[in-house]
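Following: one structure in structure tokens, then a few remarks.
Read-outs: derived from the displayed coordinates by stated rules, not from any lab. Predicted, not measured: the structure shown is a model, and the values here were computed from it. We place every Cβ from the backbone using ideal geometry, glycine too, and count neighbours over all the protein chains shown.
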Amino acid sequence: MRAALRQLTRRGRLVAGLGVAGVVVSAALGQRDLMRVGILLLVLPLLSALLVARTRYRLASARGLRPTRVTVDQPTTSVVRVENVSRLPSGLLLVEDAVPWQLGRAQRFVIDRLESGGRRDVRYELRGALRGRYTIGPVNVQLVDPFGFCRATRQFTTTDTLTVVPATVPLPAIPVGGDWSGLGEARSRAVASAGEDDVIPREYRTGDELRRVHWKSTARSGELMVRREEHPWRTRATVFLDTRAVAHRGEGPASSFEWAVSAGASMACHLARRGYAVRVVDSDGTTLRAGASTSETLSGPEAEGPLLDIFATVGLTEGVAPGVRDAAAKARVRDGLLVAVLGDLDPDHAESVASLRSGNASALALVLDTAGWASRSTTPEDGRSTRVAALLSAAGWRVVLCGPQTDLAEAWRCLARSGVTAGGAR
């Protein structure tokens, strides 16, 4: 009974209190009519509480979210289904779905009555203002008696996950270079492009596909030979994102860090679509992965989603000096094309970044003039960022200086040229 009384609403408690007061006053004044009214006011909330507590409403809930991955400010639709699986029709249902504040307010709906076996679908729209991965739900359903005297709560456990990814920009195709890596038995080398006659065959091994048999070499040698050119080849690329909090200026979506994240995501997806095996590392050289994925590199058009998931959750770090101190991690970063998005960088620290370029490998850098984000300037200032860009250029990097109004597609196009270039404004 105590549990039932705890489910009384404010209205139920008020009516019950008025009933008690009516009974007391009527007893003191000897007014039987007033006592009848007082008893009625006292009994109604108690009966409602007992009815709601003893009634075995059985509700089921299901939910869905389409799409589950959206860019910043892009809408998505959430659907919540409530079903009455008991034999009794329900009373008034108040449905509340928990929503993170980054996506808006908690959603509340009213279902007047749900017949036995009936179901209702509730749809509402969400829009993410900040990138990240958010959990939507669970659903709370409150059953209210017809008088509003008592309220019982049913909470479900199912939730949805929405990933809000940074906005990306389509980038033009430019010659960026990068090393080729063969998988399997082959070593790194240039891919033959002169046709089948230039293919170096090898002896047939058990398990090789017959469609790979090189018949001309087989006829000359008298032994079954197979082609090597069908081994998977891919280029490697590392996107180095400066995640240091001290390296960026501004707050929220208008900060230099969010510009850097959007630029890094755009370049990583562009390179993956072009066939590069893309690795994303932060300013400490730590490889960033998508969720529980164990793969360090992602390639192909299907890699766009996992890459965007990486940039959706990347955050600022507390480091001061960027660089890769672990020898194994440094070797991976230096293996292939290197693309860096750098914030405010001390010239002394710029040397450690410049050393990441290996031999004749291509290295591209977008250097952010973070003072532009702090002062709302529309053009890069001739300051420390310019000296850092010159230092990187002297080390063989191709560098573009970027400000808040820099057009990323134009900046990427400028990376096709050697030396230091100022990015174009929108």
Charges at C-beta only: +1 for Lys and Arg, -1 for Asp and Glu. How large is the resulting dipole of the chain about its Cα centre, in Debye rounded to 20? 2060 debye
Summing -39500 (n - 2.57) over every DSSP H run of at least 4 in the chain, dividing by its residue total and rounding to the nearest 500, the 222 nm mean residue ellipticity is -8500 deg cm²/dmol
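Quick one: dipole size for the range 233-422, taken about the Cα centre, charges +1 on Lys/Arg Cβ and -1 on Asp/Glu Cβ, in debye to the nearest 20. Don't skip to the answer; put the middle values down first.
Working: 19 positive and 21 negative charges, 141 e Å.
Dipole about the Cα centre, nearest 20: 680 debye.
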From the Cα gyration tensor of the range 59-165, with a ≥ b ≥ c the square roots of its eigenvalues, which class applies: rounded if a/c is under 1.5, or else prolate if a/b is larger than b/c, or else oblate? prolate
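Based on DSSP H assignment, which helices of the chain show an axial Cα extent of at least 27 Å together with a mean Kyte-Doolittle hydropathy greater than or equal to -0.5? Could the numbers behind the result be given before it?
Details: long enough: 10-29 (28 Å, 1.19); 32-54 (32 Å, 1.61).
Helices meeting the span and hydropathy rule in the chain are 10-29, 32-54.
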Per the rule of 0.36 nm per residue minus the C-alpha distance, extending VAL246 to ILE174 adds in nm 22.7 nm
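Please sort 24-33, 237-246 by packing, taking for each peptide the average over its residues of neighbouring beta carbons within 10 angstrom, highest first. Walk me through the numbers on the way to the answer.
Details: 24-33: 11.4, 237-246: 24.2.
The peptides rank, most packed first, as 237-246, 24-33.
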If packing is taken as the average number of other Cβ atoms within 10 Å across a peptide's residues, how do 263-275, 406-418 rank, most packed first? 263-275, 406-418
State, to one decimal in nm², a quarter of the convex hull surface area for the C-alpha atoms of the chain, i.e. the direction-averaged projected area. 33.0 nm²
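For LEU47, LEU143, what's the fewest-to-most ordering of other Cβ within 10 Å of each Cβ? Walk me through the intermediate numbers first.
Numbers: LEU47 14, LEU143 20.
Fewest to most other Cβ atoms nearby, the residues stand as LEU47, LEU143.
Using the Cα gyration tensor of the range 233-422, with a ≥ b ≥ c the square roots of its eigenvalues, what is the shape: rounded (a/c below 1.5), prolate (a/b larger than b/c) or oblate (neither)?
Values: a/c = 1.44, a/b = 1.28, b/c = 1.12.
Rounded shape, in that the Cα axes give a/c under 1.5.
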